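Below is one structure, written out as structure tokens; the observations come after it.
The values are calculated or read from the model by the stated rules, or taken from the named source; none is laboratory data. It should be emphasised that the depicted structure is a prediction, and the values quoted were computed from it without experimental measurement. Don't worry about glycine lacking a Cβ; one is built from the backbone with ideal geometry, like all the others, and counts go over all protein chains shown. Areas reflect the complete protein model, heavy atoms only, side chains present, ligands, DNA and RNA absent. Shrake-Rupley method; radii C 1.70, N 1.55, O 1.52, S 1.80 Å.
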Amino acid sequence: QEAEREVPVECGPGCADAEPLATAGPCVWPRCGRRRRIANPHMRAFWASALALCLGTAGWLALAPLFAVVRVDLGLCDNDAALRRLPEGERVAACACGEACKATMWNANIAAGLLDILTRFLLQSAIERLGPARMNCTLLSLGALAVALSAAIQDATQLLVVRFFISCLASTALVSNFWSATMFSTSTAGRATITAAGWGDLGGGLVQAFMPIAYSMLHDGAGVSLAASWRLPMVVIAALCAVLAAWTIICTQDTAEGRLDMASSAKARRAGYVKVITDWRVALLVGQNSACSGAKFVLYNILVSHCMDAFGLDLVAAGVLAMCFGGVGFLTKLLLGVVSEKLQTRWTMQGRLWVHFLALYFQAICLFGFGCLDGSTGGWPLALVVLVCLSACA
């Protein structure tokens, strides 16, 4: 019942405490509290949104690091007939991915963003009706189903379909932003939001290495067939998303008081949608977010395949290189959240705008530099340096 929901005694409706970790001597653990005790519902909301972003991004991008394997298993390579006569261990390296094969991969990457775009237009009203906890649970459950079904695809059409539906997991980012705004005070909501976003980068980076390593262990180490070796890790990620969805609905709440009630909230008095999207400042932020998130999305989807083709790396090494891109993004977001708040305190909004400008400017330089690299112009060591700088800006 609603009376059983908890309120943090030290914070009130908008908590000013955004410290996600607790320490005792050398031990560190997440600050979560327990559901039916007066302890930290705001931090459970933070961890629910951060882990949803982490696993949601991992599920969203899980197929991308193994495209070099998937295209062989689905028969998309131009020399598919010749590949079938080779031992399974030699097929991935021998695949000749021509125009038709590359077009299928690009179409799959495009499909992986379409549902996310659609849901972001509709999700605000859905969050206000269901609340962020139920909305995150819904997205994770649907995403887990789509990720699990992706382990059963047999052709290019099915690949496009599952990539389309998996992209609903990317919308957990919008739920995270909303949840932080309702659970934390204005002084700490920004830090909570950007820290949770860093966990999204961490999930995107970890999956770049996890999928190739899991495939290599199953196929090369345990002798599992090529088809099963890339499908089994997809089931693991789907199971993790399902477990997190269950924990979210059982152990979290929308606000410090319990269920979200937009009718009694000041945020319910929002401007009309047309008025918002016609504001030039909103249009500027849309363009900036499109540039940053769009570039990152493209890189996550092609990075492993690109490193294999351009730098001659094997699947696992390319995955580890791609993981560094996401890992650095996680660390820099933790730092930039604090820096942005300090600049806001010192120079008001102008301080945040300088952070935005410098990050976007240097991201453009790093993107251009990375595009100029291949095996003859610096190789993977220089590419790693550029990727680290790019991730710090994006």
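Figures for the structure shown
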| read-out | value |
| --- | --- |
| 5 angstrom amide H check on V224, placed H, neighbours 5+ away | H219 |
| Listed residue (H356, V162, G203) projecting farthest to the positive dipole end of the chain, Cβ model | H356 |
| Selection from M308, M323, V339, by position along the positive dipole direction of the range 265-393 (Cβ) | V339 |
| Cα convex hull of the range 265-393 - mean projected area over all directions, nm² | 10.1 |
| nm² value of the averaged projected area, convex hull over the Cα atoms of the chain | 21.4 |
| Given charges at beta-carbon only (K, R positive; D, E negative), |dipole| of the range 265-393 in Debye | 1000 |
| Other-chain or far-sequence residues with amide H under 5 Å of F184's (modelled H) | C15 |
| Value of Rg/Rh across the range 41-258 [Cα atoms, Kirkwood radius] | 1.04 |
| Accessible area (Å², 1.4 Å probe, nearest 10) - W247 | 80 |
| Spatially near lysine pairs across the chain, Cα under 20 Å, sequence gap of 8 or more or different chains | 4 |
| Surface per residue (accessible, 1.4 Å probe) for the chain, Å² | 47 |
| 0 to 90° range, to nearest 10: angle between helix 99-130 axis and the chain longest Cα axis | 10 |
| Angstrom value of the Kirkwood radius, inverse mean 1/r, which spans all Cα pairs in the range 278-354 | 14.9 |
| With all protein chains modelled, accessible area of R120 [1.4 Å, Å²] | 100 |
| Angle between the chain longest axis and helix 172-183 axis [Cα atoms, degrees, rounded to 10] | 20 |
| Carbon + sulfur, % of accessible area of the range 265-393 - ligands and nucleic acids excluded, 1.4 Å | 72 |
| Angle between the chain longest axis and helix 379-393 axis [Cα atoms, degrees, rounded to 10] | 20 |
